[in-house]
1. Size of the chain along its principal axes in angstrom, Cα-based, largest extent first?
2. At 4 °C and 1.567 mPa s, grab the translational diffusion coefficient of region 65-153 from Stokes-Einstein with a Kirkwood Rh over Cα pairs, rounded to a whole number in µm² per second.
3. Using only the alpha carbons of region 5-79, determine the length spanned along each of the three principal axes and report them from longest to shortest in whole angstroms.
4. Grab the DSSP H runs of the chain that are 4 residues or longer, score each as -39,500 (n - 2.57), total them, divide by all residues and round the 222 nm result to the nearest 500 deg cm²/dmol.
5. Given H placed 1.01 Å from N in the peptide plane, which residues other than close sequence neighbours of ALA79 have an amide H under 5 Å from its amide H?
6. Mind checking which of LEU76, TYR16, LEU101 is farthest towards the positive end of the chain's charge dipole, using Cβ charges of +1 (Lys, Arg) and -1 (Asp, Glu) about the Cα centre?
7. Whole-Hz Karplus ³J(HN,Hα) for region 67-72, in order, using 6.51 cos²θ - 1.76 cosθ + 1.60 and θ = phi - 60°, x for Gly and Pro?
8. Could you rank the peptides 110-120, 71-81 by their average count of other C-beta atoms within 10 Å per residue, with the highest value first?
Amino acid sequence: MNGHPPATAGQSGHHYPVRVYFEDTDAGGVVYHANYLRYAERGRTEALRAAGMPHATLMERHGLMFVVRRVEVEYLRPARLDDLLDIVTETRAVRGASVVLRQTVRHPDRGVLAALAVRLACVGVSDGRAARLPDDWREALERMVPAVTATDD
């Protein structure tokens with residue numbers, strides 16, 4: 001257990017809590033920019049796990065894996081030492097061999113601190129070539145698309 005409250009899923013996407021530790025910050029106690037990518041990776045991994053799609057199963061059962069094809073990050077406000085953040089993951093689009101996610105890093109009082117647009121590509125483990133998403137994975141990812149997509153923060 002990581003000492004955080006459990007992750008949750010709901011109409012507003014999958015929520016994964018992350019505490020900011022000293023190791024995550026610069027000398028001023030502000031989260032170093034690259035750590036937002038680490039937080040988002042954990043949030044994506046736990047969102048897939050919560051949907052019944054852990055990465056290990058995709059690799060073992062189908063010989064496939066997800067790789068980050070593109071990521072855009074907009075930094076809006078700084079996260080600081082000891083903040084408890086909420087990493088929210090939503091599926092925006094599912095395509096033949098890729099999925100587009102929106103992730104936000106939120107603070108309960110300061111709102112959205114960072115917004116990420118992430119495109120994951122599904123590739124073969126053995127050759128790294130693009131591969132179609134298995135039907136059961138496609139269906140699970142489509143269930144993670146919000147019924148009503150909120151406006152961008």
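1. If we take the Cα atoms of the chain, the spans are 45, 34, 29 Å.
2. It diffuses with D of about 90 µm²/s by this estimate.
3. Largest first, region 5-79 extends 45, 26, 22 Å along its Cα principal axes.
4. It comes out at -6500 deg cm²/dmol, rounded to the nearest 500.
5. Excluding prolines and chain starts, which carry no amide H, the hits are VAL31.
6. Toward the positive end, the furthest listed residue is LEU101.
7. 10, 6, 8, 7, 9, 10
8. Highest-to-lowest ranking by the protection proxy: 110-120, 71-81.
Read-outs throughout are calculated quantities, based only on the coordinates presented, and are distinct from any laboratory measurement. Note that the coordinates shown come from a computational prediction; the quantities given were computed from them, not determined experimentally. Every residue, glycine among them, receives a Cβ derived from its backbone with ideal geometry; neighbour counts consider all protein chains shown.
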